[in-house]
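Only one structure is covered here, and it is reproduced in the block below.
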Amino acid sequence: MTQVTADALARPLRNLRISVTDRCNLRCAYCMPEEDYVWLPGAQILSFEELSALVDRFIALGVKKVRLTGGEPLLRRELPELVKLLASKPLEDLALTTNGVLLEAQAQALADAGLHRVTVSLDTLTPARFVALTRRDALSKVLAGIDAAARVFPKGLKLDAVMIKGLNDDELVPLLDFGSRVGAEVRFIEYMDVGGATLWSRAQVLSRAEMLQRLGPVTAIADDGWAPAERFRLADGRVFGIIASTTAPFCRTCDRARLTADGMLLTCLYGRSGTDLKTPLRAGASAGELEALVRGVWSARRDRGAEERLALSAARAPLRAPQELHDDPHLEMHTRGG
């Protein structure tokens with residue numbers, strides 16, 4: 001029986017983000033800027049059957065939407081098989097976030113397996129700038145993946161762009177134009193000081209206010225109040241979104257839990273620690289015991305990580321130091337499925 005599980009601030013548990021791998025084939029400046037990383041041990045990574053069993057427990061507690069993330073989720077072998085397992089469950093939405101490098105070859109299989117929507121990260125349309133941002137020469141592969149996704153997910157394609165002053169903040173309009181050409185809604189994301197963003201500085205954040213000033217005039221679009229992106233309509237009718245986690249956090253309406261590839265339950269992207277679900281699952285915990293564990297964690301949740309970071313104002317610096325991330329890879333954005 002499905003129930004509504006609310007936290008201490010009356011936020012329901014409705015969304016689950018699953019990191020299916022911590023590995024990635026890009027090294028984006030805002031996520032993985034360091035040279036070396038510590039990876040989760042392969043034996044600790046949850047199998048598709050284990051992930052499916054945990055998703056059942058989250059659904060019983062009220063989860064309606066699941067998003068597969070990474071790292072880069074398309075690096076996980078046979079991912080359509082996991083999609084097929086999850087697509088058979090009573091979910092309102094089953095989505096995937098990818099960097100798009102491997103998407104061309106997998107888009108059709110993902111759609112056939114039952115995936116509803118795809119979000120592709122696309123921070124620039126310039127090949128040289130793409131290399132500077134990601135340390136990989138793969139823009140042509142990403143664009144081919146977007147073309148493939150546009151064909152098989154004609155009403156379910158979004159593009160996410162992290163905007164950084166001095167790097168790509170002159171591409172707001174070009175990215176919107178590209179989104180229009182491929183039939184995708186573009187969401188601009190403020191540069192966040194979370195996880196592996198060890199190069200972050202407040203001076204590089206292109207704020208929501210600055211984006212709107214550059215793109216205006218716009219009209220705000222009302223939504224259900226729980227989505228992370230605020231949506232706007234340009235005078236020509238085009239719609240785009242802004243995720244302003246750095247300057248205008250949405251903590252009070254955050255209904256997302258995160259599950260790492262090795263079964264760690266996280267209740268905030270900025271959180272220091274999580275709750276191990278893998279150990280009790282592999283030890284034979286019953287469905288009721290697992291649900292009670294998740295319910296207890298969520299019911300006690302008071303996280304407002306982005307709001308607390310905003311309160312630091314001028315003293316704000318990168319959240320984690322490189323050595324800290326090396327010592328605990330669970331703190332990395334690519335491990336916790338940002």
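Counting only residues that are among the polar types (S, T, N, Q) and in contact with a Leu (Cβ under 6 Å, 6 or more places away or on another chain), which one in the stretch 64-122 is farthest from Gly241 (Cα to Cα)?
So the residue we want is Gln106.
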Quick one: is Leu82 part of a helix (DSSP H, G or I), at negative phi and not β-branched (Val, Ile, Thr)?
-> yes
Subset of the stretch 188-208 (residues that are among the basic types (Lys, Arg) and touching a residue at least 60 places away in the same chain (Cβ under 8 Å)) | Arg202
Could you please tell me which pairs satisfy a Cβ distance under 7 Å, a separation of 6+ or placement on different chains, a first residue in the stretch 157-175 that is under 26 Å from Ala107 (Cα atoms) and at pLDDT 95 or above, and a second residue that is crowded, with 18+ Cβ neighbours inside 10 Å and of a type in the set (Gly, Ala, Ser)?
-> Leu157/Ala149; Leu157/Ala150; Leu157/Ala184; Lys158/Ala184; Leu159/Gly179; Leu159/Ala184; Asp160/Ser121; Leu175/Ala161
Would you check if Glu171 is buried (at least 21 other Cβ atoms within 10 Å of the Cβ) and of a type in the set (D, E, K, R)?
-> no
Output for the stretch 209-255, where each listed residue is over 12 Å from Glu190 (Cα atoms) and among the β-branched types (Val, Ile, Thr) | Val218, Thr219, Ile221, Val239, Thr253
Within the stretch 149-174, which residues are among the small types (Gly, Ala, Ser) and under 23 Å from Arg238 (Cβ atoms)?
-> Ala149, Ala150, Gly156, Ala161
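Residue by residue, here is whether (1) of a type outside the set (Gly, Ala, Ser); (2) more than 19 Å from Lys64 (Cβ to Cβ); (3) surrounded by 19 or more Cβ atoms within 10 Å (Cβ to Cβ) holds:
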residue: Gly241; (1), (2), (3): no, yes, yes
residue: Ala248; (1), (2), (3): no, yes, no
residue: Ala261; (1), (2), (3): no, yes, yes
residue: Gly274; (1), (2), (3): no, yes, yes
residue: Thr279; (1), (2), (3): yes, yes, no
residue: Ser286; (1), (2), (3): no, yes, no
residue: Ser313; (1), (2), (3): no, yes, no
Scan the stretch 209-231 and report the pairs whose first residue is over 23 Å from Ile164 (Cβ atoms) and touching a residue at least 24 places away in the same chain (Cβ under 8 Å) and whose second residue is of a type outside the set (A, V, I, L, M, F, W, C) and assigned to a loop (DSSP other than H, G, I, E, B), with Cβ atoms within less than 7 Å and a gap of 6+ or a chain change.
-> Trp226/Asp255
Top-ranked residue of the stretch 176-191 - restricted to ones that are in contact with a helix residue (DSSP H, G or I) (Cβ under 8 Å, 6 or more places away or on another chain) and not in a helix (DSSP H, G or I), ranked as surrounded by the most Cβ atoms within 10 Å (Cβ to Cβ) | Phe188
Only one residue in Thr97, Thr126 is polar (S, T, N, Q), in contact with an Asp or Glu (Cβ under 9 Å, 6 or more places away or on another chain) and touching a residue at least 60 places away in the same chain (Cβ under 8 Å), so which one is that?
-> Thr97
Which numbered condition Leu319 fails, given (1) closer than 21 Å to Val205 by Cα; (2) without any contact (Cβ under 8 Å) to a residue 40 or more places away in the chain; (3) of a type in the set (A, V, I, L, M, F, W, C) | (2)
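Please go through the stretch 136-175 and give me each residue that is touching a Phe, Trp or Tyr at 6+ places or on another chain (Cβ under 6 Å) and outside any strand (DSSP E or B), ordered by number.
Quick first cut of the stretch 136-175, residues touching a Phe, Trp or Tyr at 6+ places or on another chain (Cβ under 6 Å) only: 139, 161-164.
Correct list: Leu139 only.
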Mind listing whichever residues of the stretch 245-269 are touching a Ser or Thr at 6+ places or on another chain (Cβ under 7 Å) and over 18 Å from Asp22 (Cβ atoms)?
-> Thr247
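Evaluate the following for Ala148: is it of a type in the set (Gly, Ala, Ser) and without any contact (Cβ under 8 Å) to a residue 12 or more places away in the chain? Walk me through how you get there before you give the answer.
Numbers: of a type in the set (Gly, Ala, Ser): yes; without any contact (Cβ under 8 Å) to a residue 12 or more places away in the chain: no.
For Ala148, the condition - of a type in the set (Gly, Ala, Ser) and without any contact (Cβ under 8 Å) to a residue 12 or more places away in the chain - is not met.
The values are calculated or read from the model by the stated rules, or taken from the named source; none is laboratory data. This one's a predicted model, so the numbers in the text were calculated from it and none came from an experiment. Cβ sites come from the backbone with ideal geometry, for glycine too, and all protein chains shown count toward neighbours.
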